[in-house]
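Scroll down for the structure; my scribbles are underneath it.
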Amino acid sequence: MTKDDLLKEFEESVRWQRRIRYHEAGHGVALYIHKFRPKMIDDDACELTGARWLNRDLRTCRARERAADLAVCCIAGIVAESKACCLSMHDLRRSTGRLDYERVETLARKTAFWLKGWEKSDAVIQAQIALWEARTLTLFDQSTVWRSVECVVAELDNDDGFLGGSNLIQAIKRGLSSAEPSSEFFDMPLVVPLS
Ligand SMILES: [Zn+2]
């Protein structure tokens, strides 16, 4: 392997790490904002609190509201990754967001179960998911929310890719309460998802 190959490989692994850290930070910040307390983030996962909504029947309006909030938290990973690294959401849905989107689809189908029979169509389910995506995109366009994602990523970089417990919550809160404008990434155009 040449020096150039090694350098390329190293750059690729740094790029990958950056994608994953923004992705997991996106989940963590969205979970906190929606009052599902995130417990820890590392380079593999953000522990998904609130997962019980995946198994619960969504009989009440409140249960369906919480399921929708959880769907936004699932989508948040690829929205943060897309925004930070300028990647198309269309591609991320099938790659790093594949498991997240399996959960989103489960939540959409469980929500649709309580609709009238003729409304349980794939078109309605896809529109539901598109609405949750729009909510997530809007959330991450808030400068304090994006600042919070950046704070979490900075802490992950400082801490070898692991952040948990009160350190995680403090990093999220620090970003949310910051009066400073967000860094250059906030102005980066978000790639609009393709259908
Ligand atoms: Zn994810």
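Are any residues in segment 96-127 within 16 Å of the ligand (Cβ to nearest atom) and surrounded by fewer than 15 Cβ atoms within 10 Å (Cβ to Cβ), and if so, which ones?
98, 99, 102
Kindly indicate whether residue 102 is more than 17 Å from residue 24 (Cα to Cα) and of a type in the set (Asp, Glu).
Spelling it out, it is not the case that residue 102 is more than 17 Å from residue 24 (Cα to Cα) and of a type in the set (Asp, Glu).
Looking at segment 97-126, I want the residues that are over 30 Å from residue 21 (Cβ atoms) and have a partner that is part of a helix (DSSP H, G or I) and of a type in the set (Asp, Glu) with Cβ atoms under 8 Å, at least 6 apart or on another chain. Which pairs are those?
112/119; 125/105
Hey, among 19, 37, 15, which residue is at pLDDT 85 or above, more than 15 Å from the ligand (Cβ to nearest atom) and out of contact with any strand residue (DSSP E or B) (no Cβ under 7 Å at 6 or more places or on another chain)?
Criteria check complete, one pass: 15.
Taking the condition within 15 Å of residue 26 (Cα to Cα), crowded, with 20+ Cβ neighbours inside 10 Å, within 14 Å of the ligand (Cβ to nearest atom) and touching a residue at least 12 places away in the same chain (Cβ under 8 Å), does residue 153 pass?
no
Given the condition part of a loop (DSSP other than H, G, I, E, B) and not aromatic (Phe, Trp, Tyr), answer yes or no: does some residue in segment 17-35 qualify?
Within segment 17-35, one or more residues are part of a loop (DSSP other than H, G, I, E, B) and not aromatic (Phe, Trp, Tyr).
Can you pull out the residues in segment 40-59 that are crowded, with 19+ Cβ neighbours inside 10 Å and either modelled with pLDDT of 85 or more or in a helix (DSSP H, G or I) (or both)?
41, 53, 58
Before we move on, is residue 91 within 16 Å of the ligand (Cβ to nearest atom) and either touching a residue at least 60 places away in the same chain (Cβ under 8 Å) or among the β-branched types (Val, Ile, Thr) (or both)?
So residue 91 does not fit the description; no.
Pull up segment 66-81, narrow it to residues that are in contact with a Leu (Cβ under 6 Å, 6 or more places away or on another chain) and away from the ligand (no atom under 12 Å from the Cβ), then point me to the one that is farthest from residue 54 (Cα to Cα).
Top of the filtered list is 71.
The values are calculated or read from the model by the stated rules, or taken from the named source; none is laboratory data. Predicted model only: the values in this text are computed from it and were never measured. Don't worry about glycine lacking a Cβ; one is built from the backbone with ideal geometry, like all the others, and counts go over all protein chains shown.
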